[in-house]
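FYI, it's all coordinate maths here, none of it is from the lab. Just so it is clear, the model here is predicted, and its values are computed rather than measured. Note that we place each Cβ from the backbone using ideal geometry, even for glycine, and neighbour counts take in every protein chain shown.
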């Protein structure tokens, strides 16, 4: 059994001979981050372009991104197909019958991560925190500190980028020492505001630059776990830097 971290692919899948024979160039083409958002709506939104974000992130880093934001229905049984899911907290969290709770535990145990994101007008931090913690009752929420790897996985983020009134606007839920849920309670770091910002690989306004750096760090962390220590993607990183 070989575990390969490729966003958008199944975890822990047996690698057949054809996959083992992939060249570095083919691996690089597959190594692409896909931004997927969970939707509770009956009609799933159509994919939307995030071309400017893709260009800005690829212009700053060795990351590759899909040019479209995509939505997936709330279906815990299907979540293990993905390594990362974004979810705007635009309402109350869904009820968690025991079967769905077990499926979510499988998702996290397989290496999955949720990003619970700020939503204007209907944000209830406490309710979503209780919902997340109920999946692993032994887990506890903690504030993101400037010493956390998420604050330096690529950019060294200053405290002012992470703190709001002396407290971090980002909270983390861990299980077995791994970050499984990121909860953002600050609209300044929301994906919606980032997507609507005009970001560039070159000059950006102060707020847009902070957003870009935060999401670069987030994607780097999600892709490799620890960009500075993890050697998993070294061949493709070196290839792109030639």
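Quick rundown of the values:
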item	result
Pairwise FRET efficiency - residue 98 versus residue 186, Cβ, R0 = 51 Å, nearest 0.05	0.95
Alpha-carbon centroids, the stretch 176-191 and the stretch 74-124: separation in whole Å	12
Extended-chain gain in nm, criterion 0.36 nm per residue less alpha-carbon gap, residue 127 and residue 67	18.3 nm
Per-residue Cβ neighbour rank within 10 angstrom, fewest leading, 130, 36, 213	130, 213, 36
Spin-label pair residue 147/residue 167, simplified geometry with 7 Å Cα→Cβ offset, distance in nm	2.1
Least to most buried among 211, 178, 195 (fewest other Cβ within 10 Å first)	178, 195, 211
Separation of the residue 105 and residue 81 label points, Cα + 7 Å toward Cβ, nm	2.5
Length released on extending from residue 174 to residue 32, taking residue separation times 0.36 nm less the Cα-Cα span	48.6 nm
Order of 46, 72 - criterion: other Cβ atoms within 10 Å of each residue's Cβ, fewest first	46, 72
The stretch 195-223-the stretch 128-160 distance, computed between alpha-carbon centres (Å)	19
Förster-model FRET efficiency, 45 Å R0, residue 138 and residue 43, C-beta, rounded to 0.05	0.75
FRET efficiency, 1/(1 + (r/R0)^6) with R0 22 Å, evaluated for residue 90 and residue 205 via beta carbons	0.25
